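Step one of this worksheet: look at the structure below.
We did not get these values from a lab; they are worked out from the coordinates using the rules stated. The shown structure was predicted, so the numbers you read here are calculated from the model rather than taken from an experiment. A quick note on method: Cβ atoms are made from the backbone with ideal geometry, for glycine too, and the neighbour counts reach across all protein chains shown.
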Amino acid sequence: MRRRRFPFGKDYAEAVALDPADYRTETNLAILHAKRGAHGDARRHYEHAISVNPKLVLARKNLGDLLLHYGEFEAAIAQYVETLNIDPSVPGAQDNLTLARTLARK
């Protein structure tokens, strides 16, 4: 029996279309996009999830990581600072904040 292939993230994309206020699904879709290298799409979904739930540390930290990777150090710093203001125990956020600040000075 041959397996059917579905477009990447189809179920998540459909769920987001049905309920744009579902920040959890939006974040999951962003993570999937980031894993496949579609960073522009990932950024857009992280930003939307944060607009729906500004205290969403997973989306903020992941967006910071994406921005850091692309050299947008000031924007990454802002995401890490806000992440740590919400929850100082988020793994990697403090280290990445330090890295972003160091790279921003170069």
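Taking the beta-carbon count within 10 Å as an exposure proxy, list V57, V52 from fewest neighbours to most. Provide the component values of the computation, followed by the final result.
On the way: V57 19, V52 16.
So the residues, fewest neighbours to most, are V52, V57.
Sorting D41, D95 from the fewest to the most surrounding beta carbons within 10 angstrom yields D95, D41.
Sequentially through the stretch 45-62, phi angles give Karplus couplings (6.51, -1.76, 1.60; θ = phi - 60°) of 6, 4, 4, 5, 4, 5, 5, 7, 9, x, 9, 7, 5, 4, 5, 5, 5, 5 Hz, Gly and Pro residues having no value and appearing as x. Panel order for I31, I50, by other beta carbons found within 10 Å of each beta carbon, from fewest to most: I31, I50.
For the stretch 50-106, what does the relative contact order come out to in percent, with C-alpha contacts under 8 Å and a separation of six or more? All intermediate terms of the calculation are to be shown ahead of the outcome.
On the way: 55 pairs, mean separation 18.7, N = 57.
Contact order relative to length: 33 percent.
Rg/Rh, computed from the Cα trace of the stretch 10-105 with Rh as the Kirkwood radius, has the value 0.99.
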